[in-house]
1. Report yes if some residue within the stretch B:135-156 is of a type in the set (Phe, Trp, Tyr), surrounded by fewer than 23 Cβ atoms within 10 Å (Cβ to Cβ) and over 25 Å from B:LYS354 (Cα atoms); otherwise report no.
2. Has the stretch B:213-222 got at least one residue that is on the phi > 0 side of the Ramachandran plot and more than 14 Å from the ligand (Cβ to nearest atom)?
3. Restricting attention to the stretch B:42-89, which residues are open to solvent by 20 Å² or more (accessible area, probe 1.4 Å), among the aromatic types (Phe, Trp, Tyr) and in contact (Cβ under 8 Å) with a residue 40 or more places away in the chain?
4. Which one of B:LEU120, B:LEU109 is farther than 21 Å from B:SER382 by Cβ, more than 9 Å from the ligand (Cβ to nearest atom) and touching a strand residue (DSSP E or B) at 6+ places or on another chain (Cβ under 9 Å)?
5. Can you tell me how many residues in the stretch A:119-148 are among the acidic types (Asp, Glu), under 23 Å from the mean Cα position of the chain (by Cα) and either at pLDDT below 95 or farther than 20 Å from A:THR63 by Cβ (or both)?
6. Given (1) modelled with pLDDT of 95 or more; (2) closer than 30 Å to B:LYS347 by Cα; (3) among the aliphatic types (A, V, I, L, M); (4) open to solvent by 10 Å² or more (accessible area, probe 1.4 Å), where does B:ALA102 come up short, assuming only one miss?
7. Would you mention how many residues in the stretch B:29-74 are of a type in the set (Lys, Arg) and touching a strand residue (DSSP E or B) at 6+ places or on another chain (Cβ under 8 Å)?
Amino acid sequence: MTDASWFEAVGDKLRDGVSLSESEIAVLSETRDLVRLGALADERRRRLRGDRATFVRVAEATTTDAVEVGVPRQAGELRLAGCPATDSLLLQSVREAARIAGDVPVSGFALDELVDLCRRDVARFDDLVAALRTEGLAYIAEARVERTEDPAWVARASAAGVPVARWTVCDQAADGNSALQRVARWGGDAAVPALAPLSRTLSEKPSTGYEDVRRVALARLLVDNIDSIQVDWRRYGPQLAQVALTFGADDIDGVSPGDSEEHGTRRSTLGEITRNIRAACLVPVERDGRFRTLRTHHQ
Amino acid sequence: MTSRRIDDAVRRVLDGGRLGPADALVLYTDLSTNELGQLADAVRAARHPDRIVTYIIDRNVNYTNVCVARCNFCAFYREVGATDGYVLGFDEIFAKIDETIAVGGMQLLLQGGHNPDLPLAWYEDLFRAVKTRHPDFKLHALSPPEVIHLSRLSQLPARTVIDRLVAAGLDSIPGGGAEILVDRVRKHLNCYGKATATEWIDVMRHAHEAGLRTTATMMYGTVERPDERIEHLLRLRELQDETGGFTAFITWSFQPSNTELGGVGATGVEYLRTLALARLVLDNFDNLQASWVTQGGKVGQLSLAYGANDMGSVMIEENVVRSAGAAYCMDEVEIVRNIEDAGFVPKRRDMQYKTLGDPVFRERQVPRMTALATARDAGDTSVPVELDRYPARSLAGKRRQSA
Ligand code: SF4
């Protein structure tokens, strides 16, 4: 059933902007014809994004150690991990992070953590987000699809001055694809610049290469209201992140701002990421945490 | 013009024709990764329509790390007399064989450095001793440069060395040491002295003529150009036309860490493209292995979509790639999970690619393996007693024997 002509017909539909049927999505979600699926996703990616692949060098710190850790000058973003238990600690952590970050955009927190902190009180949420903006928060780092019951919170955060940077998928399990479909359904009301379709949590049974690149390709094909499909460099490693670029991904998140020390050998991370992007026949474009282009790395 | 050439080359592949060097180069340099993969996958599917993906349970034992060849891409070797140089004793090797049999394995992949203190008789005695203990256990041993080293050491023709090793119990020869079969590249890598391209091919020809089956390999990603990778593949294809003795082809990328050559390693996409190219050029090879040992499990599994039909070995032990920093491990359970997840049917095989059956762990309980073993525990500097039976050639070896 899923021979070359079936994929061609699906490709024609996608090119004409026709939505795929439930049964077509089900077939794509299960297909073992990985390279054909990848070709569809790659074609769509190139149509939307050309031959650019963006990446961002991210300094990571917790809300308590950002000042000690500091921000390397190569960083395009400072991302805070963790969420303090009170509003005042939250605001203080952003204030201190913004002070040391200077011009580097600061992001942090998961949307559901902020919603919980405000006990789902809309007015309190709006006030908190506005205050975070004043203290220097550029983006809420993520909205976790499985923990988002109402996408209206995404729009509220944006309206209050701090948009969400990316949708993330927590579960590695098979329902990851339903998470993609939820994002696709939420549409423009919950506009977010990026989607990171690969699971953020490690499970006992690690995902396979097929599962990962299939998920990336499906994200590109099913979710048409989001510009960037992201893969995390540190979490998934250079090999898979690079291959994902040929399966519909167009943005590499979480690149280290320092040198990588792999197997005891010091390597320039910038050299490695740009080399990997070029070897995937794409042009490396460095961006910052506000999704602004910093530099195109021509050969 | 280029797109016309690409179309012609694609058509040639789809029509079952043979790629020449120019066609191969245009596909390699100008076809997108997905298109190259689709083409390789179609060729793989035509050759293996049963969707079976095989693997072997064997152990990769490196009997010595002492080597006089000094290839500049090698992180494994130690100089003669080095404090961390080692030679495994026969008893250590027997113990490894027993462990291999316990997890369902039936073969050693036995390779090592060019150690001047191990004469031909050492190998013959070892092989005979193994076969006496386990007559059905297979010895897939000594790549062509090791055969050439023994030929020089014993001042016997390579053909005679092979005959004597076969008489002692050698079953097949691994395709290691090929690197890139282009002498310009071999001179750069300081491996021209251990074997020229023609010498490597000649040893394989002798082996095939002696009735042995062998594998073929390619290590890419050093100083070679794309056309030289293709030249390498064409030399293998030519010998395969002549003898039909290769069972499989395995390619992996240079692992630069801890090597004199240094530099950076090739990327995952380059690996998949190179594998796909090999499937297209090597139209007379049945089997292409995935190199998960160098690429990791994920890209290793993706190899099955880019032309590979074999997941290689449940290795149990690995020392060479580990010296260059990569240390991936997949036991039989993991290999089977990856094969099935990709939609293929896993089958155990032997070196001749004869199917042996379903996964062992589905028939009986075998211990899970979460890390590959090493040749020896760190700090073990013991010297096997039987080494004294073989006259040393190196100064360090002579001193040890006279002490
Ligand atoms: S690759 Fe083999 S022959 Fe070359 S130095 Fe290493 S052990 Fe010796």
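The values are calculated or read from the model by the stated rules, or taken from the named source; none is laboratory data. Note that the structure is predicted; figures quoted are calculated from it, not measured. Cβ: placed from backbone, ideal geometry, glycine included. Neighbour counts: every protein chain shown. Please note that ligands, DNA and RNA were not included when accessible areas were found on the heavy atoms of the full protein model with its side chains. Shrake-Rupley method; radii C 1.70, N 1.55, O 1.52, S 1.80 Å.
1. Taking the stretch B:135-156 and keeping what is of a type in the set (Phe, Trp, Tyr), we get B:137.
Next, from what is left, pick out any that are surrounded by fewer than 23 Cβ atoms within 10 Å (Cβ to Cβ): B:137.
Keeping just the survivors that are over 25 Å from B:LYS354 (Cα atoms) gives none.
The answer is no, given that none of the residues of the stretch B:135-156 is of a type in the set (Phe, Trp, Tyr), surrounded by fewer than 23 Cβ atoms within 10 Å (Cβ to Cβ) and over 25 Å from B:LYS354 (Cα atoms).
2. Yes - at least one qualifying residue is present in the stretch B:213-222.
3. Matches in the stretch B:42-89: B:PHE73, B:PHE76, B:TYR86.
4. Numbers: B:LEU120 fails: touching a strand residue (DSSP E or B) at 6+ places or on another chain (Cβ under 9 Å).
Of the residues listed, the single one that is farther than 21 Å from B:SER382 by Cβ, more than 9 Å from the ligand (Cβ to nearest atom) and touching a strand residue (DSSP E or B) at 6+ places or on another chain (Cβ under 9 Å) is B:LEU109.
5. Within the stretch A:119-148, residues that are among the acidic types (Asp, Glu), under 23 Å from the mean Cα position of the chain (by Cα) and either at pLDDT below 95 or farther than 20 Å from A:THR63 by Cβ (or both) number 1.
6. (1)
7. 3
Condition check ((1) under 20 Å from the mean Cα position of the chain (by Cα); (2) at pLDDT 90 or above; (3) under 21 Å from A:VAL231 (Cα atoms); (4) open to solvent by 10 Å² or more (accessible area, probe 1.4 Å)) across all residues:
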| residue | (1), (2), (3), (4) |
| --- | --- |
| A:VAL27 | no, yes, no, yes |
| A:GLY38 | yes, yes, yes, no |
| A:ARG44 | yes, yes, yes, yes |
| A:THR64 | no, no, no, yes |
| A:LEU91 | no, yes, no, yes |
| A:ARG95 | no, yes, no, yes |
